[in-house]
1. On a 27 Å Cα-Cα criterion, which of the cross-link pairs K51/K78; K71/K183; K40/K158; K40/K183; K77/K158 come out too long?
2. By the scheme Lys and Arg +1, Asp and Glu -1, what is the net charge of all other residues having a beta-carbon under 12 Å from that of E123?
3. Leaving ligands, DNA and RNA out of it, work out the accessible area of Y67 with a 1.4 Å probe and give it in Å² to the nearest 10.
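The values are calculated or read from the model by the stated rules, or taken from the named source; none is laboratory data. Computed from a prediction, not measured in an experiment: that's the story for all the values here. Positions of Cβ are generated from backbone atoms using ideal geometry, with glycine treated the same way; all protein chains shown enter the neighbour counts. Accessible surface areas use protein heavy atoms only, side chains included; no ligands, DNA or RNA. Shrake-Rupley method; radii C 1.70, N 1.55, O 1.52, S 1.80 Å.
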Amino acid sequence: MFSTIAYQLSTKFAEEGKCPCVERRVGMSKKPAAQPTLHKVIMVGSGGVGKSALTLQFMYDEFVEDYEPTKADSYRKKVVLDGEEVQIDILDTAGQEDYAAIRDNYFRSGEGFLCVFSITEPESFDATQEFREQILRVKNDDNIPFLLVGNKSDLADKRRVPLETCRERAHNWQVPYVETSAKTRDNVDKAFLTLIRQMSRVKRGLAAEEDPAPDDAGRCKPSCCSIS
Ligand SMILES: Nc1nc2c(ncn2[C@@H]2O[C@H](COP(=O)(O)OP(=O)(O)OP(=O)(O)O)[C@@H](O)[C@H]2O)c(=O)[nH]1
Ligand SMILES: [Mg+2]
């Protein structure tokens with residue numbers, strides 16, 4: 001079920017997301033066959049790691065320098081993935097601890113998770129462990145589509161989480177690892193589309209891990225994504 005308080009908080013839909021009432025939209029029991037598949041993505045991670053910046057780059061091709069802590073914002077976008085048009089709902093959640101108590105509700109509604117930390121901030125990397133545990137507890141599914149994202153790759157000279165450490169965690173979790181920069185847009189599409197491909201495979205009853213995963217730094221392989 002998609003009944004959550006998430007969407008009762010501030011919402012900011014994409015230009016394509018004109019629907020004024022998410023509850024009504026997601027509450028529809030039957031959808032016309034022509035409707036594109038809907039994938040519900042949740043952005044998680046500590047405050048200030050760049051969840052909103054990544055989302056805004058993906059949605060609008062823009063980088064926001066100012067830091068304005070998020071409560072919860074939702075977005076909608078259509079993309080073409082492997083020749084099929086799909087619809088993506090992105091819920092950008094709050095990393096700040098003040099909002100920790102309401103995370104369960106957000107996580108429950110998610111079908112795939114982008115778990116973001118900053119490569120410049122070890123504490124945010126440590127926190128991914130807790131986010132992962134909370135997601136697995138709430139979703140009760142070890143194979144939930146999930147991507148570990150090391151953001152702020154443009155700040156290489158301030159890097160404080162070694163690449164090897166990031167790779168190791170992703171390997172232990174058996175999830176892909178992607179390094180992104182919301183500032184330069186490096187690997188931003190790649191991160192979202194890799195996750196959406198996983199979600200799509202899960203919905204089609206295929207194993208998510210059979211995905212053509214990106215390499216450790218998240219660079220595209222030839223068979224990867226196209227975005228409209
Ligand atoms: N250099 C650089 N700065 C970034 C990058 N991504 C985000 N930032 C900056 O980091 C700050 C925090 O980014 P946000 O996207 O607001 O962080 P957030 O994870 O959404 O934070 P909360 O909403 O509090 O959870 C902002 O000043 C951004 O401009 C990046 O890839 N590179
Ligand atoms: Mg934010």
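1. Pairs exceeding the cut-off: K40/K158; K77/K158.
2. -3
3. It works out to around 130 Å².
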